[in-house]
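Notes follow the structure.
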Amino acid sequence: MEILCERCRERGARIFSTRVNGRPEETTQRNLCFACHDIEHPGERKDMEKRRCRYCGWKDENGFCQPCMREFRRFLRSRGLDFPASQWTPEQFAQAGAIFMELEQHMKRWGAERRRKES
Ligand SMILES: [Zn+2]
Ligand SMILES: [Zn+2]
């Protein structure tokens, strides 16, 4: 099922960003289509065209390639969290900071493993 852009709610979201700040309640999740992303972050997508997957290094404008995105979501689900963050319960928010730190470690290992297999 396609995730809709949360700004226009018409087009499919193409850019997914999770910002984990100091406190769990400040963790935000934005799912935007390209057009809305350009409105909120003018110029940013030009840089993203040169972007690679932040975990495995594959060229990918979202900053996540599909396999890494799937693994990312699988890991979150396995910890009882799933997108969108707007549907998280207060308990889930309370745990989110720690889970995202664990997730980051997990994804680094996963990305390194993918790079190793591809080369
Ligand atoms: Zn939109
Ligand atoms: Zn990747």
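No lab work stands behind these numbers, since they all come straight from the coordinates. This is a predicted model, so every value here is computed, not measured. Quick reminder, even Gly has a Cβ in these numbers, built from the backbone with ideal geometry, and neighbours come from all protein chains shown.
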Task: Meets criteria (in contact with a helix residue (DSSP H, G or I) (Cβ under 7 Å, 6 or more places away or on another chain), more than 16 Å from ligand 1 (Cβ to nearest atom), part of a helix (DSSP H, G or I) and not small (Gly, Ala, Ser)) for Leu81 - done: no
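Look at Arg9 and say whether it is assigned to a strand (DSSP E or B), of a type in the set (Lys, Arg) and away from ligand 2 (no atom under 16 Å from the Cβ). Can you show your working first?
Details: assigned to a strand (DSSP E or B): no; of a type in the set (Lys, Arg): yes; away from ligand 2 (no atom under 16 Å from the Cβ): yes.
In short, no.
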Task: Qualifying positions in the stretch 8-40 - in contact with a helix residue (DSSP H, G or I) (Cβ under 6 Å, 6 or more places away or on another chain), under 25 Å from Leu103 (Cβ atoms) and within 12 Å of ligand 1 (Cβ to nearest atom) - done: Arg14, Ile15
Task: Members of the stretch 4-25 that are exposed (fewer than 12 other Cβ atoms within 10 Å of the Cβ), charged (D, E, K, R) and either in contact with a strand residue (DSSP E or B) (Cβ under 8 Å, 6 or more places away or on another chain) or without any contact (Cβ under 8 Å) to a residue 24 or more places away in the chain (or both) - done: Arg9, Glu10, Arg19
